[in-house]
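The values are calculated or read from the model by the stated rules, or taken from the named source; none is laboratory data. Fair warning: this is a prediction, and the values are worked out from it, not measured in the lab. When we count neighbours, we look across all protein chains shown, and the Cβ atoms used for this are built from the backbone with ideal geometry, even at glycine. Quick note on the areas: whole protein, heavy atoms, side chains included, nothing else; ligands and nucleic acids left out. Shrake-Rupley method; radii C 1.70, N 1.55, O 1.52, S 1.80 Å.
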Amino acid sequence: MTNSAIDYLTDADDNPKAVVIPIEWHKLLLQDGDSVQDLVENLEDYCLHKAMDEAQETPLLNRGDALRFL
């Protein structure tokens, strides 16, 4: 397994068979009465919040730097 947040288990032909997620994501798993749509929404919310947290730790670029980045 790699150091990425999500890892894939494959068969002998290298076809993906399963996805391994971090233990901290356990709150995203389906609970009694939850639907698959609930899982999708929980995963989207988690990823969005994680991205927003990481963005707060990232320094802002000034206009010139941002234009050069593009």
Counted residues, region 10-37 - those being among the charged types (D, E, K, R) and at pLDDT 80 or above: 4
If you check residue 7 against the conditions, is it under 12 Å from the mean Cα position of the chain (by Cα), modelled with pLDDT of 80 or more, open to solvent by less than 60 Å² (accessible area, probe 1.4 Å) and not hydrophobic (A, V, I, L, M, F, W, C)? yes
Quick one: count up the residues across region 31-69 that are over 23 Å from the mean Cα position of the chain (by Cα) and surrounded by 10 or more Cβ atoms within 10 Å (Cβ to Cβ). 3
Does region 42-57 contain at least one residue that is in a loop (DSSP other than H, G, I, E, B) and at pLDDT 85 or above? yes
